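These notes are about the structure you will find just below.
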Amino acid sequence: METPTSDNHRLLAALCYPLSPILGVILLLIESTKGDPFVKPHAVQSIALGVVLLIVGTVSTFIPFLGCVVLLLAIAVTIYYAVQTYQLKAFEIPVVTNSCKQQGWI
């Protein structure tokens, strides 16, 4: 991973995860962040993670207790990745990162 060009970009990259997939899409559309080598991979990963979590969350709502557990896990996972990003720690999200790399998005 690259280092952020500013503290604002570091914060925006970290916020991509808890506010995914919306903020990731917005950051990829904004001129000042879409080409940033630190923000772009996090924005793409957060979009993919957000879509996966939305699908799993939607499917799991049909089983009442499971829906609550999945929701809590999704919140915990997104906060964990946000903290890792803000602390500049390199990480890969299982399956999501490899899929994004294979598609050429990162």
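Observations on the model:
- Pairs linking a residue in the range 66-89 that is touching a residue at least 40 places away in the same chain (Cβ under 8 Å) and farther than 17 Å from Val52 by Cβ to a residue that is of a type in the set (A, V, I, L, M) and assigned to a helix (DSSP H, G or I), with Cβ atoms under 6 Å and 6 or more positions apart or on different chains, are Thr85/Ala13; Thr85/Ala14; Tyr86/Ala14.
- Checklist (1) part of a helix (DSSP H, G or I); (2) closer than 20 Å to Leu53 by Cβ; (3) among the hydroxyl-bearing types (Ser, Thr, Tyr) applied to Tyr17, failing item: (1)
- Val44 meets the conditions (1) crowded, with 16+ Cβ neighbours inside 10 Å; (2) outside any helix (DSSP H, G or I); (3) among the hydrophobic types (A, V, I, L, M, F, W, C) in every case but one. The failed one is (2).
- Conditions (1) farther than 16 Å from Leu23 by Cα; (2) surrounded by fewer than 17 Cβ atoms within 10 Å (Cβ to Cβ); (3) in contact with a helix residue (DSSP H, G or I) (Cβ under 6 Å, 6 or more places away or on another chain); number of the one not met by Val70: (2)
- Each residue in the range 58-106 was checked for being on the phi > 0 side of the Ramachandran plot and either touching a Pro at 6+ places or on another chain (Cβ under 7 Å) or not in a loop (DSSP other than H, G, I, E, B) (or both), and 0 pass.
For (1) under 15 Å from Phe91 (Cα atoms); (2) free of Cβ contacts under 8 Å to residues at least 12 places away in the same chain, each residue gets a yes or a no:
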position	(1), (2)
Glu2	yes, no
Asp7	no, yes
Ala13	yes, no
Tyr17	yes, no
Leu23	no, no
Ile26	no, yes
Thr33	no, no
Val39	yes, no
His42	yes, no
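- Subset of the range 78-106 (residues that are farther than 17 Å from Pro37 by Cβ, at pLDDT below 95 and aliphatic (A, V, I, L, M)): Ile93, Val95, Val96
- Search result, residues across the range 1-33 that are within 17 Å of Lys101 (Cα to Cα) and modelled with pLDDT under 90: Met1, Glu2
The values are calculated or read from the model by the stated rules, or taken from the named source; none is laboratory data. Since we're looking at a predicted model, the values are computed, not measured. Positions of Cβ are generated from backbone atoms using ideal geometry, with glycine treated the same way; all protein chains shown enter the neighbour counts.
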